[in-house]
1. Quick check on segment 61-81: of everything there that is in a helix (DSSP H, G or I) and open to solvent by 70 Å² or more (accessible area, probe 1.4 Å), which residue is farthest from GLY26 (Cα to Cα)?
2. Of everything in segment 30-47, what is farther than 19 Å from SER100 by Cα, part of a strand (DSSP E or B) and without any contact (Cβ under 8 Å) to a residue 40 or more places away in the chain? Give them in sequence order.
3. Kindly indicate the residue of segment 1-40 that is small (Gly, Ala, Ser) and surrounded by fewer than 17 Cβ atoms within 10 Å (Cβ to Cβ) and also farthest from the chain's Cα centre (by Cα) among those meeting that condition.
4. Just give me the residues in segment 82-108 being open to solvent by 30 Å² or more (accessible area, probe 1.4 Å) and either assigned to a strand (DSSP E or B) or farther than 16 Å from LEU10 by Cβ (or both), in sequence order.
5. Please find, within segment 48-68, the residue that is farthest from ASP89 (Cα to Cα) out of those that are touching a Phe, Trp or Tyr at 6+ places or on another chain (Cβ under 7 Å) and touching a residue at least 40 places away in the same chain (Cβ under 8 Å).
Amino acid sequence: MNALFSYGTLQQPQVQLDTFGRLLEGQKDTLIGYNLGEVKITDQAVIKSSGKEYHPILIKSEHEQDTVDGTVFLITDAELQQADDYEVDDYQRVKAQLASGKTCWIYAAAK
């Protein structure tokens, strides 16, 4: 199983159903060393699923006091690939450490 930290639209029930075919159960946690920005989405399927033209995006910070709250979901390898397919090219999947000490995947700004 893969730990995936979500801070945005992957927490929405409709996005989970569209992306994974099921609702996910997760635990609250906090990502350290990131801020939230915003990105304009142009992929119509993603906009239809989320209902939003602008999505939050993680931006790496140099300061540990910068944090982002979210939810950690445990998903399969196949579901991780489905999450990759959902996220547009503005995002890249990278490993990160959470306040709980857990390591997980996150989707952060690609640039």
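The values are calculated or read from the model by the stated rules, or taken from the named source; none is laboratory data. Remember, predicted model here, so these are calculated numbers, not experimental data. Cβ coordinates were reconstructed from backbone atoms using ideal geometry, including for glycine residues, and neighbour counts include every protein chain displayed. Heavy atoms of the whole protein, side chains included, go into the accessibility calculation; ligands, DNA and RNA do not. Shrake-Rupley method; radii C 1.70, N 1.55, O 1.52, S 1.80 Å.
1. The extreme case among them is GLN81.
2. At the first step, the residues of segment 30-47 found to be farther than 19 Å from SER100 by Cα are 36-47.
Right, trim to part of a strand (DSSP E or B) and you get 36-40.
Once the filter is applied, which keeps residues that are farther than 19 Å from SER100 by Cα, part of a strand (DSSP E or B) and without any contact (Cβ under 8 Å) to a residue 40 or more places away in the chain, segment 30-47 yields LEU36, GLU38, LYS40.
3. GLY21
4. ASP89, GLN92, ARG93, VAL94, LYS95, GLN97, ALA99, SER100, GLY101, LYS102, THR103, TRP105
5. VAL68
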